[in-house]
Amino acid sequence: MRGGLFSSVVQLLYPTRCPVCGEVIGKSERFCSECANSLTPFGGSFNIKGAESFSAAFEYNVKVSPAVILLKRGVCGNADYALGSALADVLRENGIAKKADVIVPVPMYRSDKRRRGYNQSALIARVMSNELDIPLAEKAVEKQRLTARQKELTRDERAVNLKNAFEVTLPQNIRGKQVLLIDDVCTTGATMSEITEILLKSGAAAVHCASCCKTPMKGT
């Protein structure tokens, strides 16, 4: 009773809001109904070098971008739950959730994480770990050096920029396991490809990549 009352008071004082438009929604809802109906499910085909599969919940466009921007600005709100639980649904539907032994989020460099206050991919991964009942190995991979912003680089420059930027620091957490690698947005796949390579070299049995949003490929 007390827990229910406390939850109701918190919801009254700090209501859950749609991460796209800001409208007040129920605490268990992801988006308001209007925004939910406006989002474009990812229906394309995309491959990450070395990975067994790639999945995404939404196509990245102006409709879903406000939720992603909240995460990247260090605000978060309901965005991690909305995006993470939507991606969890996709992985249940396509069967990848049954294959995964452990979830690993794409890491941030420590100074970037301090500036933002959190790693948005880790927040999403925590939601998915809870939703799918798959263990989370949040610190299994770390980013060892600062890199240039990927969105400012060409496809070839992105791959060079990330070379040797990541390290598997807890190989015992991924050795022999099917790893589900999580990011918020996938553009060219360079980051996931680099991390997939080092996970496999460190003994992962397989890597399945997934992101909440996938940007449209040029020309599509």
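The values are calculated or read from the model by the stated rules, or taken from the named source; none is laboratory data. Just so you know, these numbers come straight off a predicted model, no measurement behind them. So basically every Cβ, Gly included, is an ideal-geometry build from the backbone, and we count neighbours across all protein chains shown. Side chains are part of the model used for accessible areas, which takes the heavy atoms of the whole protein and leaves out ligands, DNA and RNA. Shrake-Rupley method; radii C 1.70, N 1.55, O 1.52, S 1.80 Å.
Here are some notes:
- Straightening the chain between Met217 and Lys27 buys 64.9 nm, computed as 0.36 nm per residue apart minus the Cα-Cα spacing.
- Calculated P(r) of the stretch 16-122 - Cα pairs past 25 Å, %: 26
- Entry for Cα extents along the principal axes in Å (calculated from the structure that is shown) out of (i) 63, 47, 34; (ii) 50, 41, 36; (iii) 57, 38, 36: (ii)
- Ranked packing of 165-178, 121-134, 182-195, 93-106, most packed first, by mean Cβ within 10 Å: 182-195, 121-134, 93-106, 165-178
- DSSP bridge analysis restricted to the chain gives an antiparallel fraction near 20%, rounded to the nearest 5.
- Report note on the peptides 135-146, 75-86: ranked by the mean count of other C-beta atoms within 10 Å, highest first, their order is 75-86, 135-146.
- Rolled with a 1.4 Å probe across the full set of protein chains, the surface gives Thr40 an accessible area near 50 Å².
- Protein heavy-atom accessible surface, 1.4 Å probe, per residue over the stretch 60-180: 52 Å².
- Rounded tilt (10° steps) of 190-201 against the dominant C-alpha axis of the chain: 60
- Relative to the current alpha-carbon distance between Arg73 and Gln144, full extension at 0.36 nm per residue lengthens the span by 23.3 nm.
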